[in-house]
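The values are calculated or read from the model by the stated rules, or taken from the named source; none is laboratory data. Computed from a predicted model, the values in this text were never measured in an experiment. Using ideal geometry, Cβ is built from the backbone for each residue, glycine included, and neighbour counts are taken over all protein chains shown. The area values use the complete protein model at the heavy-atom level, side chains included, leaving out ligands, DNA and RNA. Shrake-Rupley method; radii C 1.70, N 1.55, O 1.52, S 1.80 Å.
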Amino acid sequence: MSLWSRIVNVLRGDGLNREIDQELQSHIEEAIEQGRDPAEVRRAFGSRLRMREESRDIKLAAWLDSLRADVVFGWRQLHKQRTASAASIVSLALAIGAATAAFRLVDAVLLRPLPVAEPERLYFVATTYFDREGRPDYRDDFDYPTYRRCRELITDRAEPMVVGSVNNRQEVRFEGAESERLRRQYVSGNVFPSFGLKPELGRLLTPGDDVTPGGHPVAVLSYDYWTRRFARDPGVIGRTFQMGKYRLEIVGVAPGGFIGTEPGEIVDLFVPAMMNAEALDSPGWSWFRMWVRLRPGVSPEQVRQPLEAAHIQTLRDNLKNFASDTPREAIERHLNQKLILLSAASGASNLQKDYQRPLLILGLLVALVLLIACANVANLMTAQAAARSREMALRVSIGAGRARLMQLVLIECAMVAAFASTLGGVFAAWSAPLVVSMLRMPEDPVRLVLETGWRELAFSFALALLVTLLFGLAAALRASAVQPVHALRGGEDSGAPRRPMKLLLSAQVAFCVTVLFVAGLFLVTFHRLSTRPLGFSPDNLLVMDVSAQGQLPPEAWFHAADELRGAPGVLSVGASGWPLLSGNRWTGAVRLPGQRAEAQGPYMLDVSPNYFAVMGIALIAGRDFRRGDRQHGLKAPAEPVAGVGIVNEAFARIYFRGENPVGRSVDLLQKRDLAAPVEIIGLVRNSVYYNLREPLRPMVFVPMKERGHVTLLARTAVDPSSLAPTLRQKISLARPGLRVQQIQPHSSFIRWRLVRERLLATLSLFFAVVALVLAAVGLYGVLNYSVTRRRREIGIRMALGARAGHIVRVVTGDAALIVCLGSLAGVAAGVVAGRLVGALLYEVKPTGLDTMAAPILTLALVALVASLPPAFRAARVDPAQTLRSE
């Protein structure tokens, strides 16, 4: 009989038994019809049950049949213990769902390869440096002149490519339609051929589109945008649209599945890098990542070495722009920058850089919660195995081997894991998009493809198998080690099953304390950053990013601000180069006359008159800027122009030892040994500048100069968002050519800067609550099982005069011992975890053991509540009834 037929027969169940019985009966009847004695015939055939079993073994796969029988029996056991089974499945489902959601996020952001040819040969170039706090970091943006030099060095070893950063606010206008904002990405013409991509429609960009700056007005739509905007209309080829000063023609559609090179962004529009003509000959204008595809047989180190040599030479050449009295520390920090190659197999984006470490930490928290849930279910299964010792003894007595008993228990555990995985998958499908929505502000959401493919299915299967082994192996070993004679006589070792259960529960408590401590770190960090003094008032402050066609003098921008002041609800208006906390920064090199420059220069910002009043930054001494004040600079290559400036308290403390700096002068370096004098005319309070994580830095405010882009700030008497349409219209009417790129309340910048901390605090708090609930359920289960197994002992104690209070103390004492042992281990693990988190996330400050008090007290309270029901149940034991029943 074929293997397939034997497998099919397993699924037939009782139908196969009836068929075998009918076949045996037909043979018996045939023998009787031939004249043989019926009694003799039946004796000759022997036991019908034995014949049926032998026939079944021939007609079906015995191992598969045993699995089927174990599944049926396991379902009956789960149905028999409905409450305990439901608690196990739900608690395990939360942990599995969290693990699955975490994997989907990590896979989508960090692991999933790009849908291109041989992604493992793709790398991008980055340079390492140390930030202002001395912490290692890297930057991966370059200017086009640097790309030209690097291209000449490595063409024989790799194919360099320009892969621009995605601009999610590119304004375009199709014929006969309103303006819309698209996600645009500049790429060099060799990107699509190097990726091995084929067009869905038309053609893709080619090296022929990389020749003339501004001379290739073509574009390729992404498949996603083509579907969403044009409903896959093939007539889109040849259509034109306006983007800035260029009119571009659509020449093709990218293949489906390719959404760009930056995880977290789905590109709408691919444009030749040559169309960013203004940036092609601008050293220092960094706007793209430099990717390379290694040629066959070439290692990353062979490509890095010539690039590193050129990079070192560039750093040395740049020393000629340093002042002769530049501190040695600053020079060494400059020369210690290294060039590295990082894998681009999964793309490259700021989202990866910002969330690589937080996702790792969340993965560790999920693993701890999963271990807690597995320990919880393992305790339940161990208790059930101990309660079924007589059943297991009977199975051994009739011939079941140890492996057969282990299979029986593991199948039951696998069913629990399967049900939990199904519920966990539903939970992950809901929670993963929710977490993605928390990665950024609603105005600029992260766009990730959370697809369910073979990778997710493989992870789910592996996780279910791992979970089955984690919580099922102990119960299976316990069940298979039963001693038939001892168990059938009613004897039991009451301590043996409780010891591993208590060890598992202590491990649960230790993991729980660790999760609580890490969650506390994230909550304290979020609270500290969200409540730190800003130095200005963000309430009722509207920020408007305004651009012009070309450079405008300060007076033109002041006129636009004057137009806004007359709007109803507007109290005051100011302007600056960019808003505080926007992520932009300008660092200057400052020195006092006759002294050396500091190793780290102050932050700088150009602002208009009335800026400090609008922002709510207090003026301590001196005066505000006036119209006519001018910014320092160079009138000719070697002719500095003096200017005026306003500094903050941190600047006065570092450069003037806390003395009033008004009326004094500093030199702002323009070129090597060439400085422009700046007279300090005012002193203001400290305020944050770049982000909320760094300390308050020295700052120098200077008057505005000619600009093509300015941020207008309006202090309003009402909700600033309600005035946005009116002010947008007024700016358009103030001067032809002015366009509002973006308008939003200043409070959104603060929320933006706290997105990562809010995400970590929210998720870690959720995991802490889940860990507490699981620990409480586990403690209740172990104590309840202990009371059940010790009923005789408790009855004897009470018969000998023990009071109910003593029994309660005995039971709660067990809980206290378990919590204390687990807490001690959790404290040690929490300290290690805190240091690890502090090393990965610099804004999180590891604290001392005193911060363990809150997690331990919380856990102790939860443990007390969980231990009271079993304790009171023990105190209500009737000694006479218990001893009679025993």
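Couple of notes before you dig in:
- Of the complete DSSP H runs in the chain, those spanning 18 angstrom or more by Cα along the long axis with a mean Kyte-Doolittle score not below -0.5 are 62-80, 82-106, 350-387, 402-437, 454-480, 495-530, 755-789, 804-840, 853-875.
- Between Leu824 and Leu765, the FRET efficiency from the beta-carbon distance, with R0 = 22 Å, is close to 0.35.
- Given [x] 98, 77, 53; [y] 126, 76, 57; [z] 115, 68, 44, the label whose value is Cα extents along the principal axes in Å derived from this model: [y]
- Over the chain, accessible surface divided per residue gives 46 Å², non-protein components excluded, 1.4 Å probe.
- Stretching the chain fully between Ala567 and Ser437 yields a gain of 43.3 nm (0.36 nm per residue, less the alpha carbon separation).
- Among the protein heavy atoms of region 202-353, carbon and sulfur supply 52% of the accessible surface, probe 1.4 Å, non-protein parts ignored.
- Peptides ranked, highest mean first, by Cβ atoms within 10 Å: ranges 25-33, 776-784: 776-784, 25-33
- A crude spin-label estimate for the pair Arg664 and Phe459, with each label 7 Å from Cα along the Cβ direction, gives 5.7 nm.
- The share of accessible area on region 406-471 that comes from carbon and sulfur is 77 percent, using a 1.4 angstrom probe.
- Here the calculated FRET efficiency for Arg626 and Ser747, from their Cβ-Cβ distance with R0 = 25 Å, stands at 0.25, rounded to the nearest 0.05.
- Student exercise, the chain dipole from Lys, Arg, Asp, Glu Cβ charges, in Debye to nearest 20: 2160 debye
- Pair Leu836, Asp317: separation of 7 Å Cα→Cβ label points (nm): 4.6 nm
- Its DSSP H runs of at least 4 residues, each contributing -39,500 (n - 2.57), put the calculated 222 nm mean residue ellipticity of the chain at -17000 deg cm²/dmol, to the nearest 500.
- Antiparallel DSSP beta bridges within the chain, as percent of all bridges there, nearest 5: 80 percent
- The loop-placed trypsin sites (Lys or Arg not before Pro) in region 526-599, going by DSSP, that have at most 15 neighbouring Cβ atoms within 10 Å of their Cβ come out as Arg585, Arg596.
- Each label was represented as a point 7 Å from its Cα along the Cα-to-Cβ direction; for Glu152 and Glu30 these points are 9.5 nm apart.
- Taking a ≥ b ≥ c as the square roots of the eigenvalues of the alpha carbon gyration tensor, region 264-378 is prolate, as a/c is not under 1.5 and a/b beats b/c.
- Residue (of His559, Gly574, Ile750) at the positive-pole extreme of the chain, dipole from beta-carbon charges: Ile750
- Report note on the peptides 818-831, 617-630: ranked by the mean count of other C-beta atoms within 10 Å, highest first, their order is 818-831, 617-630.
- Protection-proxy order for peptides 331-341, 411-421, each taking the mean of Cβ atoms within 10 Å per residue, highest first: 411-421, 331-341
- Only Cα pairs under 8 Å and 6+ residues apart enter the sum, and on that basis the relative contact order of the chain stands at 14 percent.
- Using the Cβ-Cβ distance between Leu861 and Ala799 with R0 set to 22 Å, the FRET efficiency from 1/(1 + (r/R0)^6) comes to roughly 0.05.
- Long-range Cα-Cα pairs in region 123-243 (distance over 20 Å), rounded percent: 56 percent
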